[in-house]
Amino acid sequence: MISVVQRVLSSSVTVDGKIVGKIEQGANILLGVANGDTEKDAEYLAAKVANLRIFEDNQGKMNRSLIDIGGQMIVVSQFTLLGDCRKGRRPSFIKAAEPALAERLYQHFVDRVRKLDIDTQTGRFGALMQVNIVNDGPVTLLVYSR
């Protein structure tokens with residue numbers, strides 16, 4: 001699995017003109033599921049991003065996690081993170097998991113984060129979404145399960 005973790009002041013996901021998920025301070029997670037990923041990948045990544053110390057303490061150092069600050073998370077499925085652009089001009093998505101597996105592991109990731117008592121919103125798996133992100137910092141990290 002791959003995730004793009006963004007520290008945000010706010011973020012929302014719109015589908016068909018309707019907001020389906022919205023958060024204030026916290027993390028926007030763009031999540032891609034690869035062939036060969038398992039529940040262990042989802043569990044590892046959920047724990048990792050929830051505990052990443054990317055929020056500032058009183059001295060301005062990134063020493064606090066999403067759990068520490070009581071922040072929110074919004075998780076957006078994004079198979080295009082697995083796009084391979086090394087050959088030609090059109091990305092190859094051969095490394096992306098099939099939709100049934102990807103949706104199951106995406107939901108497993110979300111469930112694991114919610115079990116950590118993080119207020120978690122989502123986009124809509126497989127939908128055409130518009131994502132509004134107010135990145136804070138900016139702080140943007142790539143986090144992999146393997």
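The values are calculated or read from the model by the stated rules, or taken from the named source; none is laboratory data. Here the structure is a predicted model, which means the values were calculated and not measured. Here the Cβ is made from the backbone with ideal geometry for all residues, glycine too, and neighbour counts use every protein chain on show.
One residue stands out among those in segment 24-37 that are under 13 Å from the mean Cα position of the chain (by Cα) and not in a loop (DSSP other than H, G, I, E, B): the one that is surrounded by the fewest Cβ atoms within 10 Å (Cβ to Cβ), which is Leu30. Of the set (1) touching a Phe, Trp or Tyr at 6+ places or on another chain (Cβ under 8 Å); (2) surrounded by 15 or more Cβ atoms within 10 Å (Cβ to Cβ), all apply to Asp84 but (2). In segment 111-125, the qualifying residues are those that are in contact (Cβ under 8 Å) with a residue 40 or more places away in the chain and part of a helix (DSSP H, G or I), and the one that is surrounded by the fewest Cβ atoms within 10 Å (Cβ to Cβ) is Arg112.
State whether the residues of segment 35-54 include one that is among the hydroxyl-bearing types (Ser, Thr, Tyr), more than 20 Å from Asp119 (Cα to Cα) and in contact with a helix residue (DSSP H, G or I) (Cβ under 8 Å, 6 or more places away or on another chain).
Start the filter on segment 35-54 by keeping residues that are among the hydroxyl-bearing types (Ser, Thr, Tyr), which leaves 38, 44.
Add one more test, that the residue is more than 20 Å from Asp119 (Cα to Cα), and what stays is 38.
When the remaining residues are screened for being in contact with a helix residue (DSSP H, G or I) (Cβ under 8 Å, 6 or more places away or on another chain), the result is 38.
For segment 35-54, residues among the hydroxyl-bearing types (Ser, Thr, Tyr), more than 20 Å from Asp119 (Cα to Cα) and in contact with a helix residue (DSSP H, G or I) (Cβ under 8 Å, 6 or more places away or on another chain): present.
Selection of first residues in segment 1-23 that are under 22 Å from Ala42 (Cβ atoms) and of second residues that are of a type in the set (D, E, K, R), restricted to Cβ pairs under 7 Å at least 6 apart or on distinct chains, gives the following pairs, ordered by first then second residue: Met1/Asp37; Met1/Asp41; Arg7/Asp136; Val8/Asp136; Val20/Arg124. Looking across segment 38-69, the residues that are surrounded by fewer than 20 Cβ atoms within 10 Å (Cβ to Cβ), part of a loop (DSSP other than H, G, I, E, B) and within 18 Å of the chain's Cα centre (by Cα) come down to Thr38, Leu52, Arg53, Ser65. Residues in segment 106-139 that are closer than 15 Å to Thr14 by Cα, of a type in the set (S, T, N, Q) and over 13 Å from the mean Cα position of the chain (by Cα): how many? Of the residues in segment 106-139, 2 are closer than 15 Å to Thr14 by Cα, of a type in the set (S, T, N, Q) and over 13 Å from the mean Cα position of the chain (by Cα).
Against the conditions (1) at pLDDT below 95; (2) part of a strand (DSSP E or B), Arg146 satisfies every one except (2). If the condition is being hydrophobic (A, V, I, L, M, F, W, C) and either in a loop (DSSP other than H, G, I, E, B) or free of Cβ contacts under 8 Å to residues at least 12 places away in the same chain (or both), then segment 70-94 contributes Cys85, Phe93, Ile94. In a strand (DSSP E or B), in contact with a strand residue (DSSP E or B) (Cβ under 6 Å, 6 or more places away or on another chain), without any contact (Cβ under 8 Å) to a residue 24 or more places away in the chain and closer than 19 Å to Gly26 by Cα - does that describe any residue in segment 126-134? Within segment 126-134, none of the residues are in a strand (DSSP E or B), in contact with a strand residue (DSSP E or B) (Cβ under 6 Å, 6 or more places away or on another chain), without any contact (Cβ under 8 Å) to a residue 24 or more places away in the chain and closer than 19 Å to Gly26 by Cα.
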